[in-house]
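Participant: The structure under discussion is supplied below as structure tokens; questions concerning it will follow.
The values are calculated or read from the model by the stated rules, or taken from the named source; none is laboratory data. Small disclaimer: the values here were computed from a predicted structure and weren't measured. Neighbour counts run over all protein chains shown; Cβ positions are idealised from the backbone, glycine included.
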Amino acid sequence: MRKSISKCALIFVFLFICRLAAAQSILSSDSTILNRDIFRILEQQDANMSRVTIKQSPHIVSAVNNQIINASQKRIPGYRIRIFFDNKQDARVRSENLERSFPEQFPGFRVYRTFDNPYFKVTVGDFRTRSDATRAFRMLEGSFPGAFIVRENINFPPL
């Protein structure tokens, strides 16, 4: 009796792991799920012709969508890369030019220009960890030799 229970438990764990692996392959194969409705993604047919049907209150969908909107307005501690920091006469014009030209050279990084009296600053990126910021810094340091990593409140990652 004890052996049959352990065999059933082992089979259950195996099936659970297989299903989990299949679910992860679906999500990892489509990196475009960012900013898409998770409920519609779940209801789509997958490669095995299986489909998930969700029966729920419309209030749940509304609550999830409200959470996504509210999260996009939050800020969390993180890191950015400061590529410009100056207080000379032409600092404003140079920071504006850099704010416009940087995305052309390095698409994928958000650019932030601030004025903290008397300095104009241009920082790029939203990195949750210092190691992520360091990886990006290595890409930028050839073009911006005076760049350095700063700790700032960053935008909440998109959901």
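Participant: Can you tell me which condition Thr53 does not meet? The list is (1) more than 17 Å from the chain's Cα centre (by Cα); (2) surrounded by 11 or more Cβ atoms within 10 Å (Cβ to Cβ), and all the others hold.
Facilitator: (2)
Participant: How about segment 85-126: which of its residues are touching a Pro at 6+ places or on another chain (Cβ under 7 Å) and of a type in the set (A, V, I, L, M)?
Facilitator: Val111
Participant: Whether any residue in segment 65-81 is of a type in the set (S, T, N, Q), over 27 Å from Asp37 (Cβ atoms) and out of contact with any Gly (no Cβ under 6 Å at 6 or more places or on another chain) is what I want to check. Give the derivation first.
Facilitator: Taking segment 65-81 first, the residues of a type in the set (S, T, N, Q) are 65-67, 70, 72-73.
Those still in the list that are over 27 Å from Asp37 (Cβ atoms) too: none.
No, that holds for no residue.
Participant: I'm trying to understand the selection: among the residues of segment 27-59, which are among the hydrophobic types (A, V, I, L, M, F, W, C), at pLDDT 70 or above and part of a loop (DSSP other than H, G, I, E, B)?
Facilitator: Across segment 27-59, the qualifying residues are Ala47, Met49, Val52, Ile54.
Participant: Can you confirm whether Gly146 is touching a residue at least 60 places away in the same chain (Cβ under 8 Å) and not in a strand (DSSP E or B)? Before you say what the answer is, go through the steps one by one.
Facilitator: Numbers: touching a residue at least 60 places away in the same chain (Cβ under 8 Å): yes; not in a strand (DSSP E or B): yes.
Yes; evaluated as a whole, the condition is true for this residue.
Participant: A further question on this structure: Conditions first: (1) free of Cβ contacts under 8 Å to residues at least 60 places away in the same chain; (2) surrounded by 17 or more Cβ atoms within 10 Å (Cβ to Cβ); (3) closer than 14 Å to Ile154 by Cα. Asp132 passes all but one, so which condition is the exception?
Facilitator: (2)
Participant: Got a sec? Which of Arg51, Arg94 is free of Cβ contacts under 8 Å to residues at least 60 places away in the same chain, among the basic types (Lys, Arg) and outside the structural domain of Gly125 (by TED's automatic domain parsing)?
Facilitator: On the way: Arg94 fails: outside the structural domain of Gly125 (by TED's automatic domain parsing).
The unique qualifying residue is Arg51.
Participant: Further question: Does segment 64-81 contain any residue that is among the β-branched types (Val, Ile, Thr), surrounded by 12 or more Cβ atoms within 10 Å (Cβ to Cβ) and not in a strand (DSSP E or B)? Let's see the steps before the verdict.
Facilitator: Quick first cut of segment 64-81, residues among the β-branched types (Val, Ile, Thr) only: 64, 68-69, 76, 81.
If we keep only those that are surrounded by 12 or more Cβ atoms within 10 Å (Cβ to Cβ) as well, we get 64, 68, 76, 81.
From the residues that got through so far, the ones that are not in a strand (DSSP E or B) too are 64, 68.
There is at least one residue in segment 64-81 that is among the β-branched types (Val, Ile, Thr), surrounded by 12 or more Cβ atoms within 10 Å (Cβ to Cβ) and not in a strand (DSSP E or B).
Participant: Could you check segment 82-113 and list, in sequence order, the residues that are surrounded by 12 or more Cβ atoms within 10 Å (Cβ to Cβ) and not in a helix (DSSP H, G or I)? Lay out the reasoning, then the answer.
Facilitator: If we filter segment 82-113 for residues that are surrounded by 12 or more Cβ atoms within 10 Å (Cβ to Cβ), which is where we start, we get 82-87, 91-92, 94-99, 102-103, 106, 109-113.
Of everything in segment 82-113, those that are surrounded by 12 or more Cβ atoms within 10 Å (Cβ to Cβ) and not in a helix (DSSP H, G or I) turn out to be Arg82, Ile83, Phe84, Phe85, Asp86, Asn87, Phe106, Phe109, Arg110, Val111, Tyr112, Arg113.
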